[in-house]
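The values are calculated or read from the model by the stated rules, or taken from the named source; none is laboratory data. Only a predicted model underlies this, so the values are computations on that prediction, with no experimental measurement involved. Here the Cβ positions follow ideal geometry from the backbone for every residue, glycine too, while neighbour counts run over all protein chains shown. Protein only, heavy atoms only, side chains kept; ligands, DNA and RNA dropped before computing areas. Shrake-Rupley method; radii C 1.70, N 1.55, O 1.52, S 1.80 Å.
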Amino acid sequence: MTLAEADVGGWFSDVLPEWSKLLAAAIAGGFVVWLVIRTERHLRLHRARRFWKTIGSRHPFLVLGAPDLEPLSSWEKTGMVGKGDILALMEVEAQLRRLGFSGRIVESKELTARDLESDLVLIGGPDGNSVTATMLGKLDQAVSYGFAKDLGPEPGAVYDKRSSREITPEYDDSGDPTNDYGLIIRSANPLAPEKAEIVILAGCSGYGTVAAAEKLSDQKFLQKLKRFRHFEVLVETTVVRGAHYNTKVRDTREIRRSPAE
């Protein structure tokens, strides 16, 4: 063996253990990263599944409003639905699908009397969704939030029954909203309290509705809700140039009274 070969052999003997250590460290580091990502994903799915499991496993109706407004209904016979409600529907459907659940999409006017006794996810406020209006009426003694009535042509306002206060969105000088409010209500179905539940996602306008739906994918929010089976939540979202941002929870209240009482 030449001197050069001996030097190379010695170099490999010195370097190989170092490379082995680096490779082992890289593998260990990669495993830790994979484990953290997997754990985080498991926690996200666990919290979401805990929220949706009971309702989702029974294939709920996802109920959109079906306002027949003139003159729009004269040229669009299939009806008109707001963009915010459509986005909220897409969000809820995506959440259910990620968990292996599915819902049945219907318009409020398509539900039969028997359907109304099923698990329902109601999208949109009482002005646009007649089933939301019906259920809020039945829940009147059980919930402390609702929507103010007789506000004229302006979008609605949330009404706090405890303080007798109207919580109204704000508008800029051009009349465009700068914020919106929404309600998330989960309760026993007042028409079948022993066998079904409802979730109401409703805003003063469409911004609040989709913001409420999106909040159900917020893991920190779901973690805080685990203390309650039934609840009502007020959320506020910022509106800028036709889009909503930075949705925050303003109040969370447990529903302790059964709608059947």
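Ordered from highest to lowest accessible area with the whole protein assembly present and a 1.4 Å probe, Val63, Val249 read as Val249, Val63. Mind giving me the FRET efficiency for Glu194 and Lys149? R0 is 35 Å, r the Cβ-Cβ distance, nearest 0.05 is fine. The calculated FRET efficiency here is 0.70.
Multiplying the residue separation of Arg229 and Ile105 by 0.36 nm and subtracting their alpha-carbon distance yields 42.2 nm.
Once the chain from Asn246 to Glu117 is taken as fully extended at 0.36 nm per residue, the excess over their C-alpha distance is 42.9 nm. Solvent-accessible surface of protein heavy atoms, probed at 1.4 angstrom with all chains present, puts His230, His59 in the order His59, His230, largest first.
Solvent-accessible surface (1.4 Å probe) assigned to Tyr207 amounts to roughly 60 Å².
With each label modelled as a point 7 angstrom along the Cα→C-beta vector, the Asp172-His59 pair spans 4.7 nm. Just tell me which lysines come within less than 22 Å, Cα to Cα, of Lys149; anything on the same chain fewer than 8 places away is out. Here the lysines satisfying the reach criterion relative to Lys149 are Lys109, Lys138, Lys161.
Apply the Debye scattering formula to segment 129-235, with a single equal point scatterer on each alpha-carbon and no solvent, then give log10 I(q)/I(0) at q = 0.20 Å⁻¹. After summing over all Cα pairs, the log10 values are -1.13. With the simple spin-label model, which puts each label point 7 Å out from Cα in the Cβ direction, the Gln219 to Arg165 separation comes to 3.3 nm.
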